[in-house]
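Below is one structure, written out as structure tokens; the observations come after it.
The values are calculated or read from the model by the stated rules, or taken from the named source; none is laboratory data. This one's a predicted model, so the numbers in the text were calculated from it and none came from an experiment. Reconstructed Cβ throughout: ideal geometry from the backbone, glycine too, with neighbour counts over all protein chains shown. Heads up: the accessible areas ignore ligands, DNA and RNA and are worked out on the full protein's heavy atoms, side chains in. Shrake-Rupley method; radii C 1.70, N 1.55, O 1.52, S 1.80 Å.
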Amino acid sequence: MRTIFSKYEDLLIDLKSKAPFKPDIALILGSGLGNFANSVDIKLTIPTSDINNYPVSSVEGHAGAIHFAEYHGKKLLLFQGRIHFYEGYNISQCLLPVQIIYSLGCRNLIITNAAGGINQYFKPGDLMLIKSFNALMIKKEVAQLIEPLNLDEKSFLQSYPSQKLTDLLFQASFEENFHLKEGLYWISKGPSYETPAEVEMMRRFGADAVGMSTAHEIIYATSLGIETIGISCITNFAAGISKEKLSHADVTETAGRVESMFEKFIKKTISLL
Ligand code: HPA
């Protein structure tokens, strides 16, 4: 375990003792997408408030719970509710779910989030596979993770996105007759949405979507050898892309609108694992 997680040793031992199984795949559920947990066969729910030392998410749409569930014969580990930098949490708190996933022996991970669309061909309700990402905004935090790595390990990000999970995702989108977008995700730390000028800069550097999570989760999970993919639900046009003012309510409203389609698509992907 990397040293930034040493204070969570007891928590990890406790969760291991409670886990009913070793999960085949984990999902970190983003803004407004947490209801996925209600559509699968839950075997055990642990509210994060019952876990000693677990950071509390203050964001609406982020009920904190860890679920062990089954779907189509696959064992799932679901994280409902996410911890963000903009809530004042540090990197080890934001990455605790990934450390838990790893500690429970799970080696497949789908990360979902809500994001603002920058690509002019994207519209609210689209789903985008995060093909690559720009994490320059969080390089300082990420440095704490990669510091203990040796030189040989420094090319680990070339394993992202997981080819295995990408293939399953595209097979699922083919079978569900669903058009999955692909693109570059830019992490912005918040706490506010971006200015139109910031979004314009991101667009010029090739960004297709912007959000406030996921990139550090991808980096850490991939460094641990977990097969990982990230999917953004485009919930709004990013600032300046349309004239409309952004609001968290619009983000959760769009996420809610596409929830059943998202659920179907992710379930298909899981069934193909
Ligand atoms: N910017 C940043 N994060 C977001 C957005 C956005 O436009 N939409 C949803 N999460």
Of all accessible heavy-atom area on the chain, the percent that carbon and sulfur account for (1.4 Å): 50
Solvent-accessible heavy-atom area per residue, rounded to whole Å², over the chain at 1.4 Å: 44
Globularity ratio of the chain, using Cα Rg and 2.2 N^0.38 Å: 0.94
DSSP bridge pairs, the chain: antiparallel proportion in percent, nearest 5: 40
Cα-only radius of gyration and Dmax that characterise region 164-253, units Å: 14.9, 42
Shape of region 1-50, Cα gyration tensor, a/c cut at 1.5: prolate
Backbone N under 19 Å from the Q144 label point (7 Å along Cα→Cβ), restricted to region 187-231: 187-191, 212-224
Cα gyration tensor shape for region 1-144, rounded if a/c is under 1.5, else prolate or oblate: oblate
When each of K22/K189; K7/K74; K140/K268; K164/K264; K139/K245 is checked by Cα-Cα distance, pairs over 27 Å: K22/K189; K7/K74; K140/K268; K139/K245
Spatial separation of Cα centroids for region 146-201 and region 204-227, in angstrom: 5
Residue-averaged [θ]222 nm for the chain, counting only DSSP H segments that reach four residues, each worth -39500 (n - 2.57): -9500 deg cm²/dmol
Selection from G34, T3, Y89 lying farthest towards where the dipole of region 1-138 points positive, charges on Cβ: T3
Max mean-square fluctuation residue, GNM over the chain, Cα-Cα springs under 10 Å, options E259, E227, E176: E176
